[in-house]
Every structure is written in structure tokens, then in C-alpha cells.
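Just so it is clear, none of the values below were taken in a lab; they were calculated from the coordinates. Just so it is clear, the model here is predicted, and its values are computed rather than measured. A quick note on method: Cβ atoms are made from the backbone with ideal geometry, for glycine too, and the neighbour counts reach across all protein chains shown.
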Amino acid sequence: MALFLLCAVAAMAADLAGKWSGSFKAEGADHDIPQLVILKQHGSTLSGSAGPDASEQYPLENGRVDGNNVSFQVTTGEWKFSYNLTVEKDSLSGNLKLESTAQVRNAKVTLTRVKGQ
Amino acid sequence: MRKLILNIHLAIGIVAGVFVTLLGVTGGILAFEPELDRISHRDISYVKPGGRALSLAEIGNAISQKYPGEGIVAYLPSTNPDFPTRVILSRGIVSINQYTGDVLGVRTRGQSFLGTVRVLHVRLAMGNPGPFILKWSSLATVVSLLSGLYLWWPVKRMRIAGRWWSARFWYDLHSAIGFYSLLPALVLAGTGTVIGFEDHVSRLFDYISPQRPIENDLVLPVAKLEEAPLIGPDQAVAIASAQLPGGVPYRVQMPRYGGLYVVALEYLQRRVAGERNLISLDPATGKVISAHFSSDLSFRVRLLAANGAIHDGSIWGTPSRIVAAIASMLLPLQATSGLLIWLRRKGILHTR
């Protein structure tokens, strides 16, 4: 019975595998920064890559799915991007924290599933 | 006419004075940001030169021993024998003695004092209103300086003759500082205004000199991120350096973090503004995928980079940074003395 429930919960978790595109705008910034996230899901663990476009992708770190909550990190160099998102149908939206060794900035990010992958 | 100019000068001082003061204080600190940053992290910012510098592969091995299983995002090779090589990891930026392989420590990510000073200078540490207020304050400073010159011209006061705290003292101080710091302050405010209105200025520059299209880099498929590169970082640097003889590598992005090796080089002896030489390499074959040199940059990018270098004083090294810092720090004094003159004239403040 417990195994059945566990399987049922796992089955209810959103299938996030695939490409997600969107943008974010850091507070005080002039421009929207494009985003392309390519997710691979293994149960509650996420892997894959993310970056501004297909030609510049960085590996996902600490990717997790907990119900509708999705979190992962990406280190692009001096900056580390920490995503805390909520999944709703074909949309992932939430907060993005950008950290360097000098600054911390926050942004709102929205990603939508790329159709016809 | 003189009365109109005086009113404009006064109005700017009253409305924008506090922001000009903030820009001046923070700008004066930021002129020496690299030095202050090193001093505040002294134990991980300096090495004693001696012997052969380790290769990047050897440095990578030392890092892997200290932090097993952590991928290296990028190497930041030292371009100064007294400074350590740094290595970017997910946990932060590790300083390593390139002569001994000793790991000096890690700079973790987070808000620092200098980071706070920078966000105050750039956006008042707030969202969209911050940059808006500051760019108009910069422009107001330009107008204030020019109107101040107009007002100063008939009097031409260059010395402080008044007694301490007298009305004459503050007037003389305001006039003398205004005269002696006019040129550098005008340059700082002018270049700051260009930075603030960069979008508009960019459109103007592109109209004057249309931007050349940049070919998209050919980048390996994302799947390649999982594979280990076949050439090492030292080979990547050697291949990239051959593309720019005399260039010194200051950043080597590892292929797992972007799909390619990306080597950034600079000329130490002639650090021109906008020095951006980037060579991208296929990590499997060492083939040069793309090479962007600062000489290829568009008129707009080079001019805006030069503008930024003039603004922060880095364009002519330490002397220009000292001038920028002094001129910047004098802006608050100008705003304060101007305010005191106005308060006295209004009868709000009594001086001797």
C-alpha cells in the first residue's frame, strides 16, 4: 500500500523534462535577459543545462522537484543563478537570485515549455 | 540672464544635491575598488613570487585534491606576479598560490561592502527608480557645473579668503573647489551621463557608424557537456595565445560551462579601453571556433568602453584614478557648501 502511494505521488509530480524558454529582468536592470533551460528529470531530481540560448548552456546543479516547487542552480562564471520556481501547467515561474562575490540581485523569471521539441 | 542661471544652479543643488553627494562619495570609493577589495581580503589576495608558476592543469589538480568532485568553471590566471591565480567553482572563487599550489582560501558569493557601494552608485540600491534618478542627477550635475562656471566667471574667485564658517568662507570654498575641480568633475559627470543614457547614446552611435553584424559562434551540442575535453586548459591557452601574439590570458572558461573553451586575453602593456579578445576552441580538437578581437569591436562598443574607462579613471591607470577619486569626493563638498550659502541667504542659517 505504501509503495503504491509512493508510486502515485511520483506519478502526480509534474513531468518537467524538455526545453523551457523565457526571460528574467534583474531589479534595476534595463533589459530582459533571455533564458533557455533544458531539463531532464529522474524522479525528484533534475539535471540538464541552462543559459541565455542554445549556444551557451551551463550544467544544472542541485536540481530538485518537490510537488509544484522546482529549484536548481547554475554557475556561469563569477555569477551563480539560484532558481526557485513553481510549476503550473506549461509554465515555470518564480524567483531568481543572482550572486557574485560582491553583489546579490533578485529577479522574477517566467519560463514556458517549448512546444514541438 | 544671470538671475535665471543662478536659479537653475540653485534648483539643481536643492533637488539633486543629495544624489550628487551620494554619487560623489560612492564614486570616490569605487575609484579604488580593486585595491580596497584586495585589502579587505588580504590573506587570499597576495602571493610571494618565486620559482616556476604552475600550469593550469597542475593548479586544477591541486583544486581537485582540496575540493574533490567539484567542477572547475573557469581559471582566472594571474596577470600580476604578486597576485594569486583564482579558480571559479560553484562554491565560490578559490585563490591559489600559483608558485606552490597552496590553496589560500575561498571567496564565497554574497553582498559585500564594496558591492553595496557599487549598487548605491549605479542604482541607489533599489529597483527601476534608482537608475532613473541617478542618470538625471548626472545630467543635472553637468548643467550645474556649467552654470556654476557662468556664475563664477565675473568674480573669478580662486582662493579662500574668508574666516572659518563666515559667509565669505563658504562662498570662497564653493568657488575655489568649483574652479579647480571643474574639468575632472565635468568629465566624470559627462561620462556618467553617457552611461546613464547608454541606450539613447548607443542608438546615436549606431546611426553615425552602423554596427557590423557579428557571426554567430558555432557551438557544440549541449550533449557534449557530459564529455570530458580532450585537450587540457594549458593547450587551450597555447592555441588561443597563438591567435593574439603578446596577449596574456586572464580567463579560461572550461568547456563544461558553455560547451567550448573560451580564452580571454589582454595586452598588459597597452591596456586600451574595451580590451576584449575572446578565442573559443573546440575542446575535442583544439580547433578555433571563433575569435573576437577588441580591434573588431564596433565604434559604439569601443567608444562606450572608453567612456566607462574614463569615468572610473582606469583609462590612464593610477594617476587618472586618483584624479577621478579626488574630483568625485569634492562633489559632496560642493553640494554642502552650496546648500550652506543658500541657507544663509534665505536667513535659515546664520554664519559669522
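Quote the FRET efficiency, to the nearest 0.05, computed for A:ILE33 versus B:LEU4 with a Förster distance R0 of 51 Å and r equal to the Cβ-Cβ distance. Mind dumping the intermediate values first?
Details: r = 45 Å, r/R0 = 0.88.
After rounding to 0.05, the efficiency reads 0.70.
What order do you get for B:261-268, B:197-204 when each peptide is scored by the mean count of other beta carbon atoms within 10 Å, highest first?
By packing density, highest mean first, the sequence is B:261-268, B:197-204.
Work out the charge dipole of chain A with +1 on the Cβ of Lys and Arg and -1 on the Cβ of Asp and Glu about the Cα centre, then indicate which of A:GLY94, A:ALA50, A:ALA17 is farthest towards its positive end.
Checking the options against the dipole of chain A, the answer is A:ALA17.
Got a sec? Charge dipole of chain B, +1 on Cβ for Lys and Arg, -1 for Asp and Glu; which of B:ASN61, B:PHE32, B:GLY51 is way out at the positive end?
B:PHE32
Cα axis of helix B:299-311 to longest principal axis of chain B: angle in degrees, 0 to 90, nearest 10?
Between the helix axis and the principal axis of chain B, the angle is about 60 degrees.
Relative to the longest principal Cα axis of chain B, at what angle does helix B:198-208 sit, 0 to 90 degrees, rounded to 10?
Here the helix axis deviates by roughly 80 degrees.
Return the inverse of the average 1/r over all pairs of distinct C-alpha atoms in the protein assembly as shown, which is the Kirkwood hydrodynamic radius, in Å to one decimal.
Roughly 25.5 Å, rounded to one decimal.
Which one, B:ILE5, B:ILE133, B:VAL237, is farthest towards the positive end of the dipole of chain B when Lys and Arg carry +1 and Asp and Glu -1 on their Cβ?
It is B:ILE5.
Dipole magnitude of chain B about its Cα centre, charges +1 at Lys/Arg Cβ and -1 at Asp/Glu Cβ only, in debye to the nearest 20?
Dipole of chain B, to the nearest 20 debye: 2000 debye.
What is the dipole size for the protein assembly as shown, taken about its Cα centre, with +1 at each Lys and Arg Cβ and -1 at each Asp and Glu Cβ, in debye to the nearest 20?
On the way: 46 positive and 34 negative charges, 468 e Å.
My answer is approximately 2240 debye.
Find how many whole Å separate the alpha carbon centroid of the stretch A:41-89 from the alpha carbon centroid of the stretch B:94-163.
Computed from Cα coordinates, the inter-centre distance equals 35 Å.
Quick check: the angle from helix B:2-30's long axis to the longest principal axis of chain B, C-alpha only, nearest 10 degrees?
Taking the Cα atoms of chain B, the angle to B:2-30 is about 30 degrees.
Dipole of the stretch B:47-108, Cα-centred, from +1 at each Lys and Arg C-beta and -1 at each Asp and Glu C-beta, to the nearest 20 debye?
100 debye
What trypsin sites (Lys or Arg not before Pro) in the stretch A:37-117 are in a loop by DSSP, with at most 14 other Cβ atoms within 10 Å of the Cβ?
When the trypsin sites (Lys or Arg not before Pro) of the stretch A:37-117 are filtered for loop state and at most 14 Cβ neighbours within 10 Å, A:LYS89, A:LYS115 remain.
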